[in-house]
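Data block below; observations after.
All of the numbers you see were taken from the coordinates with simple rules; none came from a lab. Being a predicted model, the structure only gives us computed values, none of them experimental. Note that we place each Cβ from the backbone using ideal geometry, even for glycine, and neighbour counts take in every protein chain shown.
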Amino acid sequence: MNNVGIFKKVLSAGRGPLPDYVKDTKVWIDFEVLMPKNDTIKEGFSDDMDQFISIDNTKNKWPDGYGEPLELVIGRRFQLPVLETCVKSMHLDEVCQFDIEAKQMAPYPLVAKRLRDISHSKVDPRYESHEHHHCAGMGVPKTGYEALDQLIQNPKDLRVRIHVIKIEQPNEYKVDNWQLNSEQRLQKVNELKARANQLVKEGKAVAAIDDYKHGLTLLDQLMLMEKPGEPEWKELDAQTIPFYCNLSLCFLTINSCREAENAASEALKKDPDNEKALFRRAKARIQLYEFDEAEEDLLHLLERYPNNSKLVQEEQHRLVQLKAQKVVNENNLFKKMINK
């Protein structure tokens, strides 16, 4: 390859001519990311594979990978452009090794974190994949994955092995939801929200949860293709707020209070004064016996929305009752232990 900072080595030849990777060509790949143990700036990449640590592999299940091939759509602004650059140099069934400088792999840890979070939500339906905000002055962002955090702290040149498994041209497949244009995306997300809202009115909270999660997954996939902070990314991010708020309501309805608290917290990370999220998180925290935290939410709600004083007072009364009952229960339990 003639690209600066990328050195390609063919490990297994592919078949057929080099594909015409036009926009919207869909490519399925397996890949593995290898972190060198040595200093590649001084010593270069080693030929000894024992000098590398595998930190990511599509064939590995979460949390060490994704458990399935990665699906790329060419020309859709994937947030790790170097990966698309490498793939476009490959034939079908080809296996290649790319030694890539740290600068080109800089977005990798956060992209991998997002992909792993999506995989996590498939493994554990209770987990919600989401985008965390990182504000100036907060220090180095954390992904929750040790190897990825190390790369953020100490960027390194990386070796990436790629296998092109399958290629489909734009006229050979049905367009997925996340490939729709902006207007179509909004329409699909709004359809999901409207359907879920109707299910809530009909008392079908479990079915509504599935639709809200579907909407969030769609928004997550769309955000992967946008640059954080850009207008389209902000628009998509803002649309997740009502989904999280309504998820919280559904979880409260089926008495899944921890999930309700988590969903409301996600909404509040994006909109700290959100009225519905504050109220629903307070209700969930009361049921979880997290009384101090619930009281904070209720006071915040009252400060920002004084017209809700009656609702707040009702929840504060319920909080006091449950708190007193908890003390009684604990005292009774203690007496039983003493009398044994």
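For region 180-339, the Cβ-based charge dipole about the Cα centre amounts to some 660 debye (Lys, Arg positive; Asp, Glu negative; other atoms uncharged). Relative contact order, whole percent, for the chain stands at 15, derived from Cα pairs under 8 Å and 6 or more residues apart.
Listed by chain and number, the lysines placed with their C-alpha closer than 26 angstrom to that of K336 are K323, K326; residues fewer than eight positions away on the same chain are left out. From helices alone, the chain scores -16500 deg cm²/dmol at 222 nm; the rule is -39500 (n - 2.57) for each run of n ≥ 4 DSSP H residues, then divide by the residue total.
Backbone phi angles across region 39-44, fed through the Karplus curve with coefficients 6.51, -1.76 and 1.60 (θ = phi - 60°), yield HN-Hα couplings of 8, 5, 5, 8, 10, x Hz in residue order; Gly and Pro are listed as x.
Counted by neighbouring Cβ atoms within 10 Å, the residues K113, K336 run from fewest to most as K336, K113. The eigenvalues of the Cα gyration tensor, multiplied by 5 and square-rooted, give the chain an equivalent ellipsoid with semi-axes of 45, 25, 18 Å from largest to smallest. For region 180-339, the relative contact order is 13 percent, taking Cα pairs closer than 8 Å that sit 6 or more residues apart in sequence and dividing their mean separation by the residue count. Working from label points 7 Å from Cα in the Cα-to-Cβ sense, the K103 to E230 distance is 2.1 nm.
Placing unit charges on the Cβ atoms only, positive for Lys and Arg and negative for Asp and Glu, gives the chain a dipole magnitude near 860 debye about its Cα centre. In this rough spin-label picture, where each label sits 7 Å from Cα along the Cβ direction, the K9-D64 distance is 2.3 nm. Centre-to-centre separation between the Cα atoms of region 269-302 and those of region 186-229: 23 Å.
In this simple spin-label approximation, M337 and E275 carry label points 7 Å from Cα along the Cα→Cβ vector, and these lie 4.5 nm apart. Normalise the Debye intensity by I(0) for region 261-340, one equal point scatterer per Cα, no solvent, then take log10 at q = 0.17 Å⁻¹ and round to two decimals. Result of the Debye calculation: -0.65. Dividing the alpha-carbon radius of gyration of region 6-172 by the rule-of-thumb value 2.2 N^0.38 Å gives 1.06. Nearest 0.05, what FRET efficiency do N329 and D292 give at R0 = 25 Å with Cβ-Cβ as r? Efficiency computed from Cβ-Cβ geometry: 0.85. Solvent-free Debye calculation, one equal scatterer per alpha-carbon of region 167-288: log10 I(q)/I(0) at 0.17, 0.21 Å⁻¹ equals -0.86, -1.15. With r defined as the distance between the Cβ atoms of Q198 and Q321 and R0 fixed at 30 Å, what FRET efficiency is calculated, to the nearest 0.05? Calculated value: 0.30.
Length gained on full extension, Y173 to D50: 40.2 nm, using 0.36 nm per residue less the C-alpha separation.
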